[in-house]
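The values are calculated or read from the model by the stated rules, or taken from the named source; none is laboratory data. Keep in mind that this is a model prediction, so the values were computed, not measured. Glycine also receives a Cβ, built like all others from the backbone with ideal geometry; neighbour counts cover every protein chain displayed. Just so you know, the surface numbers come from the protein's heavy atoms only, side chains and all, with ligands and any DNA or RNA stripped out. Shrake-Rupley method; radii C 1.70, N 1.55, O 1.52, S 1.80 Å.
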Amino acid sequence: PAYSIGNQALHLLEPDQVFLLVRLVLGQLHRVWAFNRQQERIELGVDGQISNWCVEGLDPGKTPISEQSELVYFDTSTPFCRIEGVEQLDYELFLRSAPSFLAWLLRLLFVEDVVNRYYDFRRVAIDLVANFYKEGHPELIPAVLEVVNDFFATEAADLGIAPIEEKEVASYYREDALIWTLYLAFRRIDRWLRTRLLRRDYPYILPGKIER
């Protein structure tokens, strides 16, 4: 059900339920980094944003989230995987849909950094918290940060992750929103050039206006 997906659920749940959902997500993410520490051959990276999670059996108002709630993870491009330090993902797959006049710049400046963030639990958590800006609930961010920092200090203390400050989240979101807004604008220009100027088909479906 759509309402069981994280980014929709947070609009329907009471704040205490939202905070519990965040803690459950952090618990699942911690398992990824615990796995990475158990051995040296394989390293996994994952995109932990709230829209990548579904709460099994959730029915707002009837069946609330509990500490025993099961989460389902779904995404189309992660987890990433490095074997003995070598990235297994072919970055060029991401660049196939990029405007041809922009691909070289993305390859040079952005792709590696974007992928690297998913191997860093702290940066993944910052992205998770920043989702609350995108979803229109910035007022929850201070309390969500308390949940995240408490988790880092307790259940994930073995990883030695420094606390996250609100200004870091705000800065990250501004930069991320600008990058993706510009990228989508360039893709629309590319679509216009292909369909109107070159009279060729454009094989990709672009999203409509994204509220940020």
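Relative to the longest principal axis of the Cα atoms of the chain, the long axis of helix 100-109 lies at roughly 40 degrees. Extension gain, GLU165 to GLU70, is 31.3 nm, computed as 0.36 nm per intervening residue step minus the present C-alpha separation.
Place the peptides 193-203, 141-151, 122-132, 72-82 in order of packing, highest mean first, counting for every residue the other Cβ atoms within 10 Å and averaging per peptide. Don't jump to the answer; show the numbers that get you there.
On the way: 193-203: 11.1, 141-151: 17.9, 122-132: 21.9, 72-82: 13.5.
Result, highest mean first: 122-132, 141-151, 72-82, 193-203.
Stretched out straight at 0.36 nm per residue, the stretch from TRP180 to THR195 would grow longer than its current Cα-Cα span by 3.2 nm. Quotient of the Cα radius of gyration of the range 137-212 and 2.2 N^0.38 Å, N being its number of residues: 1.73.
Surface exposure of the range 48-98, expressed per residue as accessible area with a 1.4 Å probe, stands at 60 Å². Seen against the Cα atoms of the chain and their longest principal axis, helix 166-192 is set at about 30 degrees. Measuring max minus min along each principal axis, the C-alpha atoms of the range 1-155 give extents of 49, 38, 28 Å (largest first).
Taking the Cα atoms of the range 65-153, the ratio Rg/Rh between the radius of gyration and the Kirkwood radius comes to 1.05.
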